[in-house]
Amino acid sequence: MFFELIRRNSRRNRRENGLFFASLLISIIAFYIVLSLSQQDVMQFLRQMESDAVNRLLAMIPLFYGMTLVILFFLIYFASKFQLERRRHEFGMYLMLGMRRGRLFWLLLAEDLSSSVIALVIGLPAAVLLSELISLIVARLVGLGIIGHQFSLSLSAVLLTIVGFLAIKLAAFLILSAKISRQEIGSLLAEVPEGSKKQRPAVVYGLALLAGICCLGSAYYLAIQGMSWRKVSIMGLTILLGFAGTLLLFYGLRSVFGLILKGEKRDRRLHRFNVRQIQESVVCQSKTMAVSSILILAALCCFGAGVAVAAFYGKSESHVLDYTFLQEHSEEEESYGAEQVIETLQKHQLEKEFSDVFDMKVGYIRTTEEYENVLELDGLMEELSELPESDARDTLQNTLSYAEYPHLISLSGYNRLLRLAGLPDLDLEKNEAAIYMDQEFISGERLQIMNDLLADSPETTLDGNPIRLTGSVQTVSLVTDRSITLSFALILPDEAFSYYTQGNFDVYVDAALDKSVTDGVSLMQAISEMNQKLNETGLHYESYLQNMGRQLFYMVASSYITIYLAVIFLIVANTVMGVQFLMNQRKTHRRYKTLIKLGASYEALCQSAKKQVQWYFGIPVLVAAANSLFAVRALLSGILSSRTQGTVTEMMLVSAAMIFALCVVEWIYMAAVKRSSSRYLLTLMVPEREE
Amino acid sequence: MKIILEIEGLKKYYGRPGNQTKALDGISFQAAEGEFLGIMGSSGSGKSTLLNCIATVIQPTGGKIRMQGADILALKGEKLAEYRGKKIGYLFQNFELLDHMTGRENILLPLSLHSVSGKESQSRLTRLAEYLEITDVLEKFPAQMSGGQKQRVAAARALIMNPGMILADEPTGALDSKNAKTLMEKLAGLNREENATILMVTHDSNAASYCKRILFIQDGVIFHELRRNLPDESQRDFYGRILNVMAQLGGGSANVL
């Protein structure tokens, strides 16, 4: 009998609060997916190349896990509280009928456990399947054909999911049941008294609304101007202002409803009733709505930042080289260069698979012992300082101040590189030099300034010898590895190069794969296969795969983490709003009964409830969406300001995509809540015997 | 006199055959326009079931109910909602005001439900509010009104659509004697001056003495009928007669024990 009661109660709970149950399922899935991140094909693949970064990311997973546990705890606590509150009367009856408090506690605990177990039994297999699916899709999207996919069940992830989930459910349950079981039977049986509504003068609410908007405005001003990102204290102030602003905004929102009601003369079908219902929610639950709105905003920001970061790293730079062969460090002085590499390749019948193999020589100035002022740049610096002040100019000044002892690059190698990139050769006279700077240091505005300065071929001296800087700034990467960059170097004709370096320089042998190799397969696959062949030749090499791997890593890491957080935030916000709406509807069921007695049809009631759902969800979502326009802008100016100057249209696209995604999610949630509310209203339509 | 409500062999059984509760067991009566009809009976006699059947809150097991010639048991959907909204006005024991709307909004709620334009109703609202003495609580919320004011606001709501009949379910049940007296006087006044038809269920003999005719129900059947001899009989005398019948209801001839 006891177990039958448990079974029936927990089934009723699930049915009455399906939304909450569904959210539990989603959170279990989210838990598992983030915990099993290390098992994903992409991560396995990246681990071979970027083990450091991958490990650092994986080390952060427990942090995310812990954070989600805390957030979900509040969700579960909140939703369970509503559920238990609604059953107060029932508990009172159990106790009246002679059930001991201890037994009531066990009853509730068993109910809670049984629904948790059911959630896990449904959720975990779904999570494993979904995680596999994501793994396969991501692997396919990035063109990983290399590793055969293997079904991977992460036992530790399963265990941690179970433990974490049960732990927060139990903690929420213990706190709540302790509260309930301490109450007297009389107070359990009595209807919960409605909280008296304190009304303040309308001016107070109007002022709160204004103050809220001011707080939000100043918070965004601080963030977008970049002030918040410089000091922790200002950042704290910004966040505080943002929170306070949102709370005040929602607190003051009731004045708007007052105006709506005053302004309207006609009363369309139940319009006034709906507005009053919403007003009541706004009045009684302004804090919940504000917090929901903040959570949705957080989700939007996570999503926006993730997309921006992924887009930044995903921007494929034009790449020219596929391989760089390096000299092995050995004691004996061996001659090393393209010829030796080609010889080795021939030995293994691989020479046909490369279209171009050539030397890239890079060295230092060895004609002097000095390191200071070897390259005289005072003229350039002076011209720079006369330009109008700008960020680009300051950065350039800074870069050039380190350029007095530059790297040297031989012209012949660089010209081969240019030819490979499909660019015209560089012509240099005997006493001419071209400036080389890596793309990372010079782009956009800075490149423009520099080229303007070089337009009239300024004369200067290199180790005391006159030299003319000519041509435009060169930026094509010298070797495949994008983490090896030169902030400033001089390209010299070969004779001058050998003179200044005194024959002491490094040789990098650059190579590109032949078209026949890359045709028909993804570049990633072609390079991976070639790597396996090259491993047998004993050649020391670096391939473009590393760069792709690094890009991929940042894209995957940023998108996984941000989407995960965004999903969690969205779930919590929407579940809180949905559950609260439905519970309120139940609490105020008498009103609907009265409407029915006054002759309201089922359709009219459903329509009224649907309108309320739209408003109830719409207000926090709209506020969040409006906030997100500023917040994403602030985020971009904080995180990415120096690296990307995203155009306005790009940002608008990101925002539009985000808001669209949000609309879809909200639509789904609203549809679920509407369905649930309609079903509940139908039960009210059934006449009751009232004596 | 025009017959407005006809009830024939009305039955309402609860439970399965063999273990049935007969809340109404074949009740027949008629109500004419402008009548103030009371229905009395002890707890569980079936008086509220009768009212709820007429209000279409519950579906009877058998019998017929005709309101202004139309069979209300055949009404469905939009027609049924219209019947509830326009043909009858319901006055509840516990007022059933929506506590998050002002008095005015509560009174105008039926208009909003049935999408009726407000011009004519506005003047009706002003007149009703004046008559029921609730003009100064129209902008207040129910929580800020006294019990009597609440019930009079509820009465205004029941009357705003100018229904063919007012159904009142123990309207004085939650009121103190002074407020109950005021309410009954107002209802009787409406009946007298506006020729409003009122059907009131009550077990309060005092309230019942305002009626013109009273049906006594016991165990689901009509057991007695009283008619006030107007204009000769005073309210006090009528009250005395009611008390007599009530005494019989408790332990009189109808009681099998």
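The values are calculated or read from the model by the stated rules, or taken from the named source; none is laboratory data. Owing to the predicted nature of the structure, the values given are computational and were not obtained by experimental measurement. In this analysis, Cβ positions are derived from the backbone assuming ideal geometry, glycine residues included, and neighbour counts consider all displayed protein chains.
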Residue that is nearest to residue B:68 (Cα to Cα) [pool: residues in the range B:168-195 that are touching a strand residue (DSSP E or B) at 6+ places or on another chain (Cβ under 9 Å) and surrounded by fewer than 22 Cβ atoms within 10 Å (Cβ to Cβ)]: B:191
Output for the range A:245-272, where each listed residue is closer than 22 Å to residue A:212 by Cα, surrounded by fewer than 16 Cβ atoms within 10 Å (Cβ to Cβ) and away from chain B (no Cβ under 14 Å): A:256, A:259
So, of the residues in the range A:481-504 that are among the hydrophobic types (A, V, I, L, M, F, W, C) and modelled with pLDDT of 85 or more, which turns out to be nearest to the chain's Cα centre (by Cα)? A:488
Consider the range B:180-230. How many of its residues are small (Gly, Ala, Ser), over 13 Å from the mean Cα position of the chain (by Cα) and closer than 19 Å to residue B:246 by Cα? 3
Can you name the condition, by its number, that residue A:599 falls short on among (1) farther than 30 Å from residue B:87 by Cα; (2) modelled with pLDDT under 80? (1)
Show the residue pairs meeting these rules: Cβ distance below 7 Å; 6+ apart or different chains; first residue within the range B:226-241 and under 16 Å from residue B:188 (Cβ atoms) and in contact (Cβ under 8 Å) with a residue 24 or more places away in the chain; second residue among the hydroxyl-bearing types (Ser, Thr, Tyr) and surrounded by 11 or more Cβ atoms within 10 Å (Cβ to Cβ). B:235/B:209; B:238/B:209; B:239/B:205; B:239/B:209
Restricting the range A:580-591 to residues that are closer than 15 Å to residue A:615 by Cα and more than 14 Å from chain B (Cβ to nearest Cβ), the residue that is farthest from the chain's Cα centre (by Cα): A:582
Find the helices (runs of 4 or more DSSP H) located wholly in the range A:373-479 whose residues include 3 or more that are aliphatic (A, V, I, L, M), within 27 Å of residue A:504 (Cβ to Cβ) and assigned by TED's automatic domain parsing to the domain that holds residue A:514, and list them. A:411-420
Number of positions in the range A:496-533 that are closer than 30 Å to residue A:140 by Cβ and of a type in the set (S, T, N, Q): 7
Hits in the range A:540-565 (condition: closer than 15 Å to residue A:511 by Cβ and crowded, with 21+ Cβ neighbours inside 10 Å): A:543, A:544, A:545
What helices (runs of 4 or more DSSP H) lie completely within the range B:56-159 and have 2 or more residues being surrounded by 20 or more Cβ atoms within 10 Å (Cβ to Cβ), of a type outside the set (Val, Ile, Thr) and within 13 Å of chain A (Cβ to nearest Cβ)? B:103-113, B:147-159
Candidates A:94, A:77, A:65, filtered to the one that is over 31 Å from the mean Cα position of the chain (by Cα) and assigned to a helix (DSSP H, G or I): A:94
Return a yes/no flag: does the range A:491-505 have any residue that is in the same structural domain as residue A:376 (by TED's automatic domain parsing), in contact with a Gly (Cβ under 7 Å, 6 or more places away or on another chain), buried (at least 17 other Cβ atoms within 10 Å of the Cβ) and of a type in the set (Val, Ile, Thr). yes
So the strands (runs of 3 or more DSSP E) completely within the range B:1-49 holding 1 or more residues that are exposed (fewer than 14 other Cβ atoms within 10 Å of the Cβ) are B:3-14, B:21-32
Taking residue B:40 and the conditions (1) facing chain A (nearest Cβ under 10 Å); (2) in contact with a His (Cβ under 9 Å, 6 or more places away or on another chain); (3) not acidic (Asp, Glu), which numbered condition does it fall short on, given that it satisfies the others? (1)
